[in-house]
Each structure stands twice: as structure tokens, then as C-alpha cells.
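A quick write-up on the structure given underneath.
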Amino acid sequence: MKKILPIVTACLLFGLTASAQTQKIPIESGWEFHEYNGSKPELAEWHSAVVPGLVHTDLLAQKLIPDPFYRDNEKKVQWVSDSEWEYRRTISADQNLLKHKHIDLVFEGLNTLADVSLNGKLILHADNMFREWRVDLRSYLKQGNNTLAIVFHRIRPEVARLEKAHPEEDEGKDTSALTKMITDKFKQASYVRKAAYEGGWDWGPNMVTCGIWRPAYLQCWEDQRIVNLGIAQPDISRQAAHINANIRVLSTGKANAVMKISYSQNGQGKSFTYPVTLHAGMNEISYPIDIANPKLWYPNGYGRQDLYQFKVTLTAGGHTADEVSTWSGLRSVVLNKERDSLGRKFEFIVNGIPVFAKGANIIPFDHFPTRMTAKRYRHFLQAAVDAHMNMMRLWGGGYYETQEFYDMCDELGIMIWQDFMFANATPPAFLKESIAKEVDYQVRRLRNHPCIAIWSGNNEISNGTEGSFFTDPNDGGGIPKAFKAMFDKMLSNAKPKTYTDYLQMFGYFIPGIVNKITPEIPYTSSSPTSDFEIQSAKFVSGDRHNYDVWWGNEPIENQANYKHRFVSETGIQGFPDLATIDAFTEPAERSATSDIMNAHQKNFSVNGNAVIGKIIKTEYKDPANFASFNYLSQLVQGESLKIYTEAMRRRKPFSMGFLYWQLNDSWPVISWATMDYYGRPKAAMYLAKHFFEPVLVSPHEENGKINIYVVSDRTTDEDALLDVRLMDFSGKVLWSKKITCKVKALSSEIVLSISKDELAGANYDPQKNFVSAKLVNDKGHVLSSNDLYFKRPKDLKYAKSSIQTDLSKQGDQYVLKIMSSALAPRAGITFGDEDVWLSDNYIDVLPNEPVLITIKSEASLEQLKSALKVIALDQL
């Protein structure tokens, strides 16, 4: 049994009696919970709880609910959200604790409506899960044992109360049935500062939860406390960094103090000492720091991710009052929106380099986020880096992530497009005070992370205000065509208050707070937005969410023609790995139409599984079984993203970013994710390794020609050899050409243009031939390879492949050699339920050209050989 130190003992160990320095004492053990005023004996009984944690995970640990992710158990746990829950623990206090002038009780997150009491006396009411809650316990604590209790209340009654108490929120607004239907759906999330996804989304379950979901501790201090240390970066270059250490100090009265500021990087640094006079209350102090020839932080693929440590020590009355430290990377980031001949740019410039943003959107990694671990974060983020991603959008319907998440993004060079947590509905004005505290807290908490590249006001609330401005029939952007009539009708009924509330919140109020704290970090009002600029074929600006394939039934090939500046959401769904499906179904339920499979398909407005089936039927031959259906669903998802991504990259610098929807899942589900809940990559994740690679060769059929584009995100030129072949599926080369070329830095250009007439003389048959393009640098390294097919897969006349495999163990990993006498298109490698990592998958194995794939697994060589299967399109 783990021994729990009482609070008084912990204070002695932390040295609180020997120094006046501020100390934090965790209070995350010894908690228990029960249903508040519950009717069932087993729920009224007190059970042990985990903090940080949530009531659903505590109930699951106590075997009081079934696994909500299994089969259709989601509907069996709905009663949890309709109950109220109480948590409690004991705080033991003796004179060593009570002699401190301030004993702050700190919760970094309470989800959501919570009454906190000490010894039966209410000391705090919390109503926002996205901010810190703090109360000084000094006047409430008694010597001996004290009972700390928290009651978490239901959300629905509070929303109803707020609606009744604030009728002004509906005054002057559109009251049509259509608008009411849409706004009522999001009212629960917008009226209470709680994560919107908990109530269900088109990829997630409806399980509204509660609990002490972030760290909890006591903070003991005397007369002064450093509240926050921010490293402002107004002027960064390779020659010099002119920065400021912005320090907030809370003081109980006037005091003469000394502030020591130091910074270091790889053991080298400097320190400075300044006298300072503190006044009672919050002191805002700023000191300039100049660093010559600084080591800068760069996004993945553009340079190193060097970090500096900054430390501040506050001395007053002859002793150390407080000391804090933080890490930060030095970089400049600009969102360039300058006018050009085709509209307005939308590109990120980091340290003077225009960066093509490559990446995905992130939703909650787990519906119950306290289950996330550093290992799981690392798995997903490293996979993104391995796929050459450099930016992630943290979606506004979830929550602000943990410190370790942002630390890893700093380390890995992943820029974060940080939405504020508002999704699809403008919050009411009566929440402004709460929102101000939330935004101030989160911006100050996150500002030192160099990964933060942009603050974004919200997710898609702009659709209800700007929709008609950024919808253009020629570019496939803005509101999906399937919903255009509905939004046009809604916008035609919109009242001035719809616009004034939106603009006041996201155009003035929130950016006013953000720009005061971090003026050097860009802010955009929403994603998507065109800032109310009318879009046309001749004027394109802003970012886009484009779902015309998924919602509008357009063929995936049309995406090659979309002309956008920056895509911040797009995608189609694909089924997860078969092993993941096995985890939430029984064998008889493993079909695209079973009730259980549909319970894990949340695209309710149009059955998502049927949409996937329709797209498969357009592109491929009918699958013979569910395993083939699963394989094709993943392929079509990956091919769709490949078409769109390559088109955007070919248009560089007109287009400067592509963030697909979405990287991950919050539970086992059929969705847009390219990695499922368990971290298993889908085909699209492997394809992303190629369509996001730093140098891309992209053959494209246009205007009666086959143009071979070479796109580079690298900052230096390099010489290369381009090898292009027209082949039949048996491997016969019908036409070929090799040319030397210069891969120009930060560019996209056509390096070879082939007339269709030129290929006609080689007995070119679009149903039986394909183009293979390969770019090799002067050291013999393959920079990029890509294949172009002239027809959809279902219309191609493949030669039957004969795939041979050879799996061997080499050191601490395995190597799989794959060969085929004929083209094996999109060869998918599986190992059943074995847990494996593959360097590549879903590849075109060209005739008689072996492919080597690295594999990591705890399984034995014999187990892997037994489980190994390879499937290819020609074999279906």
C-alpha cells in the first residue's frame, strides 16, 4: 500500500519552515466520491477516486459502469450526466502549516459547475472548466483535520436557468425555426464554459462528464508571490533578439525587493539583478534582455528547435520570496495578409521564412482527457513529425491542452494554431467576465511556448455571419453546397444583433485581451474567415473549411481544381484498423451496416458509412467482404487527401497551407482521423509521409499535357535527376526521359512538360499504363517518387501481381522485403492483432523493384511471419 504523507509532514519535507519561499503541495491523493443525494446504495457509498480525473473514469475503475467505448454502452451511461457528484478529502493542518500568511487552494481545472466547501462552509463556486480557480484557505482552516468537499452540478438545469434569467440574449435575434434548431444544438456548450465535444459531435459520443480534471495543490506564501513570467519577443532576428521579461508579482504591501533574472542555453547564459519597489496588489514589471546572435526556434523541416531557460528570483526582507522558471524558443511569427494580384495572401512567415503549413487538426485525444499519458502524446506527435507535419490546429470545441503537450510541440517543431474554446455558437454577453479571465489565464499560461503560432477566436461561428461572403461556386470553398441553401436562408433572416454580438466578442473583446499580452503573436477572428471580404475567382483570401466531397457528393478528383489560399479543415472519413474494430464489436457485428457499427458512426445527418460506401463505389470495384471494404475506405480517404494536398502545394506560393481534418480520435469510431483512438495509423497517415515530404515530385495531367512539378519546402537549392517513365502494369517501359534539374528553395515549378501526343507514339493506353516519376539528388538519395494513373482504379486493367515477401530480423528491428512481377498497387501490409510500427505502407510496388520496409514490434519473428498479410488493389 502506498503511504500518503499528511499535509503537515509534506510541509516539513518541502522546507517551508526553513524558508519563506513559495511552495506548492499537491493534494491529489486521498480523494473519494459518491453520487450526491443519490438513491442507489452502491452509488451513495463513498468510493476511492483519482485526481486529476473524471467521474466516468472513477465509476469505470470501481466497476459501477460498463466500458462506455464498447459496443453501444454509450447509451447505458447517460444517467451519469443526469446525476450530481460529490468529491471529498481530508486536509490535516498543524501549526507548521497554519503559521503561513497565505495558504491558497488551487485547482488548475474544475469541470465544470462546482461548489467547493471546507468544513461545510462554501468557499468557492466554479463555472468555467478552462481557467484556474484559487481561494486563500488561511481564514477557513482549523488545526487538525479539515474536510474539503466539491459538489459537481448538472449542466442542463443551469442552462435552463440562464436562459430564463437572460431573455435579452434572444432579443433582436432571428427566431425562425431553422435558426432555433441550429442555435439550440449548441446552446448548452455556449451558455456554460464547458468543452463542447462532451455533448457529442459528428465523430464523438455524448457523455457529459465532470470532475477535478487538472492538477490540485496548496500554495503557501508569505508577503510576495510571482504570479507569472512571460517572455515577450517583439524583435527577433538571427543577429539579435530584443526581448522582455514581463513579470507579475502579487504583494501584500509596499516592499523594497531585488529581482534577479537569468537565461541560459546549453549551459551558456547571463544574469541581471535589479532593485524594485513593490506596491500592494498586482505589480506589472518588465525588464529588457538583449541576446546577440541568438539560437532561433524553427518549425519542423526548417531548422533546429533551440530553447532557452529563463529564471526569475525575487528577494525581499533578506530572504527568497519566490522563484520561477520557464522555457521558451526565440522566433518571430507573422501572418502575412498583404494584397496581391489575386486577392490577399494567407501565409505564415517564421524567422523571415515563408512556411507552407502542413498538418492536421487535433481534437481531444480521449473523451476522458485525464487518461492521456506522455507516452500517448509522444506516439501521436512523433507520427505527425515523421509525416513531415509542421502545424496542428487545436480545435475550438475541445479544451486547451496540457503543459506536456505544448512542451512536446516545442521540442518537435510543431506549430500550434490555437483556437479559443468556442465552437459554432457565439457565447452570450453575460459570460464576458468569465471569458476575460479564461483568455487572460490561457494566453499567459501558453505564451512562452514557441509552438504557439496563432490565436484563433473560434471554430466556424463565422459560418453564421460570413458564410455568404466566402462562398464562391468556382472554388469549392466556404459553406458546403449541400448546406448553402440552408445557410443562405438563415443569413437572410439574420438580425443586426447576430453580427454585432459576433464582432464585439471576436473582433474586439477577445483580441483586446490577447494583443495586450502577446502583440507579437498573430490573431484571427475565426476559422474559417475571410474577414468579410467578398470572394470570387478573381479575389481569394482567408482560410477555408472545405467538405464538398463529403457533404456535397463531389468526386475526389475535383479537389485538384480548388483554388484556396489556406485550407484549415477538409477531409473524408475512413474506417479504423480492423484490430480497433475488433476492440469494440463482437464478430457478428463487423459489417458497415450493423447496429453497433452505426453506434460508432456519429455522422447522423447523413449516415457516414453509406457516404463512404458511395465514394468507394465511385472509385473502386465493389468489395467482396468487410475486410476489403475497410481497406478501400482507408485508401479512398488517403487518395482524397493526396489529390487535394498536392494541388495546394503545386500552387505555392498562392496557396500556403493545408491542415486536414483530423489527426486523431477521442474514442474508437469511424471518422475523418488518420490515426485511430489507439494510435493505429490508417492508410492516409502513410500517404501523408509522401504528399507532405519536404521535396515533392507531383505529376499532373492538365491542358493536354503531363506536367511534372517539383515542389520544395527546403531553404536551399539542390541539384537533382528527374527520371520519368511511362510503363505498363507488367513493368514494360514504353517511354522514358531523364533530365537534370535544380530544385529551387521554397518553390513550386514545372520542370518537365510531356505532350500527350508524344506518348501516343509509344502505344499509350490510359487503362493499362501509368507514369512513374522519381527525383534523386546528387548523392543518390531519392527525394521523392510518385505515380500518375489516367483512370480511376475501377477502370484500370491491372496485370495480376504476384507478391513475394521476405521478413528478417536485423538488430532490434525487422525488415520486410516486398517484390512483385507486376504492379502491386497500394499494397497494404497487416499483421492482424500484433502491435507493429511500419516505416511505410499502402505503397505502389513497381514491377521487379523491391521495396524495403522497417518494422518495430515486441512480437517474435515467427509471430510476425504467421500474421503477415499483403493485399493490393489488383487482387480485389
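The values are calculated or read from the model by the stated rules, or taken from the named source; none is laboratory data. Computed from a predicted structure; not experimentally measured. Here the Cβ is made from the backbone with ideal geometry for all residues, glycine too, and neighbour counts use every protein chain on show. Surface accessibility is based on the protein's heavy atoms, side chains included, excluding ligands, DNA and RNA. Shrake-Rupley method; radii C 1.70, N 1.55, O 1.52, S 1.80 Å.
Which of the residues spanning the range 597-614 are assigned to a helix (DSSP H, G or I) and under 17 Å from Phe629 (Cα atoms)?
Residues satisfying the conditions are Met597, Asn598, Gly608, Asn609, Ala610, Val611, Ile612, Gly613, Lys614.
If you go through the range 672-687, how many residues are of a type outside the set (Asp, Glu) and part of a loop (DSSP other than H, G, I, E, B)?
So the count comes out to 8.
Can you find even one residue in the range 488-510 that is touching a strand residue (DSSP E or B) at 6+ places or on another chain (Cβ under 7 Å) and in contact (Cβ under 8 Å) with a residue 12 or more places away in the chain?
Taking every residue of the range 488-510 in turn, none turns out to be touching a strand residue (DSSP E or B) at 6+ places or on another chain (Cβ under 7 Å) and in contact (Cβ under 8 Å) with a residue 12 or more places away in the chain.
Which is at pLDDT below 95, over 30 Å from Phe539 (Cβ atoms), surrounded by fewer than 20 Cβ atoms within 10 Å (Cβ to Cβ) and in contact with an Asp or Glu (Cβ under 8 Å, 6 or more places away or on another chain), of Gly269, Gly317?
So the residue among Gly269, Gly317 that is at pLDDT below 95, over 30 Å from Phe539 (Cβ atoms), surrounded by fewer than 20 Cβ atoms within 10 Å (Cβ to Cβ) and in contact with an Asp or Glu (Cβ under 8 Å, 6 or more places away or on another chain) is Gly317.
For a quick check of your reading: which strands (runs of 3 or more DSSP E) sit entirely within the range 188-302 and have at least 3 residues that are within 28 Å of Ile435 (Cβ to Cβ)?
199-201, 204-206, 216-221, 224-236, 240-251, 281-292
Among (1) out of contact with any Ser or Thr (no Cβ under 8 Å at 6 or more places or on another chain); (2) in a strand (DSSP E or B); (3) free of Cβ contacts under 8 Å to residues at least 60 places away in the same chain, which single condition is Val334 missing?
Unmet condition: (3).
Restricting to the range 85-127, count the residues that are more than 22 Å from Gln23 (Cβ to Cβ) and out of contact with any helix residue (DSSP H, G or I) (no Cβ under 6 Å at 6 or more places or on another chain).
The total comes to 16.
Could you give me the residue pairs with C-beta distances under 6 Å whose first residue belongs to the range 355-372 and is acidic (Asp, Glu), whose second residue is open to solvent by 10 Å² or more (accessible area, probe 1.4 Å) and not in a helix (DSSP H, G or I) wherever it lies, and which are 6+ apart or on separate chains?
These pairs meet every condition: Asp366/Met372.
Count, please, the residues in the range 280-314 that happen to be exposed (fewer than 11 other Cβ atoms within 10 Å of the Cβ) and among the β-branched types (Val, Ile, Thr).
0
Considering only the range 139-172, state which residues are touching a residue at least 24 places away in the same chain (Cβ under 8 Å), touching a Leu at 6+ places or on another chain (Cβ under 8 Å) and open to solvent by 60 Å² or more (accessible area, probe 1.4 Å).
Gln143, Thr147, Arg154
Residues that are open to solvent by less than 60 Å² (accessible area, probe 1.4 Å), closer than 22 Å to Pro699 by Cα, of a type in the set (A, V, I, L, M) and under 35 Å from the mean Cα position of the chain (by Cα): does the range 801-823 have at least one?
No.
Name the residues in the range 413-427 that are touching a Lys or Arg at 6+ places or on another chain (Cβ under 9 Å) and open to solvent by less than 20 Å² (accessible area, probe 1.4 Å), would you?
Correct list: Gly413, Ile416, Trp417, Gln418, Asp419, Met421, Ala425, Pro427.
Among the residues of the range 369-396, count how many are among the small types (Gly, Ala, Ser), closer than 12 Å to Met675 by Cβ and either more than 12 Å from the chain's Cα centre (by Cα) or surrounded by fewer than 20 Cβ atoms within 10 Å (Cβ to Cβ) (or both).
Residues meeting the conditions: 2.
Go through the residues of the range 110-119 one by one and say whether even a single one is closer than 24 Å to Tyr399 by Cβ and open to solvent by 30 Å² or more (accessible area, probe 1.4 Å).
Checking the range 110-119: at least one residue is closer than 24 Å to Tyr399 by Cβ and open to solvent by 30 Å² or more (accessible area, probe 1.4 Å).
Here's the yes/no breakdown for (1) in contact with a helix residue (DSSP H, G or I) (Cβ under 8 Å, 6 or more places away or on another chain); (2) surrounded by 16 or more Cβ atoms within 10 Å (Cβ to Cβ); (3) part of a strand (DSSP E or B):
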site	(1), (2), (3)
Asp531	no, yes, no
Ile534	no, no, no
Arg544	no, yes, yes
Val549	yes, yes, no
Asn553	yes, no, no
Asn558	no, no, no
His564	yes, yes, no
Ser568	no, yes, yes
Ile572	yes, yes, no
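Can you confirm whether the range 436-447 contains a residue that is at pLDDT 85 or above, in a loop (DSSP other than H, G, I, E, B) and either among the hydrophobic types (A, V, I, L, M, F, W, C) or closer than 27 Å to Thr518 by Cβ (or both)?
yes
Exactly one of (1) open to solvent by 20 Å² or more (accessible area, probe 1.4 Å); (2) out of contact with any helix residue (DSSP H, G or I) (no Cβ under 7 Å at 6 or more places or on another chain); (3) β-branched (Val, Ile, Thr) is unmet by Ile362. Its number?
Tallying (1) open to solvent by 20 Å² or more (accessible area, probe 1.4 Å); (2) out of contact with any helix residue (DSSP H, G or I) (no Cβ under 7 Å at 6 or more places or on another chain); (3) β-branched (Val, Ile, Thr), Ile362 fails exactly one: (1).
Going by what's in this entry, would Asp723 be described as open to solvent by less than 60 Å² (accessible area, probe 1.4 Å) and more than 36 Å from the chain's Cα centre (by Cα)?
yes
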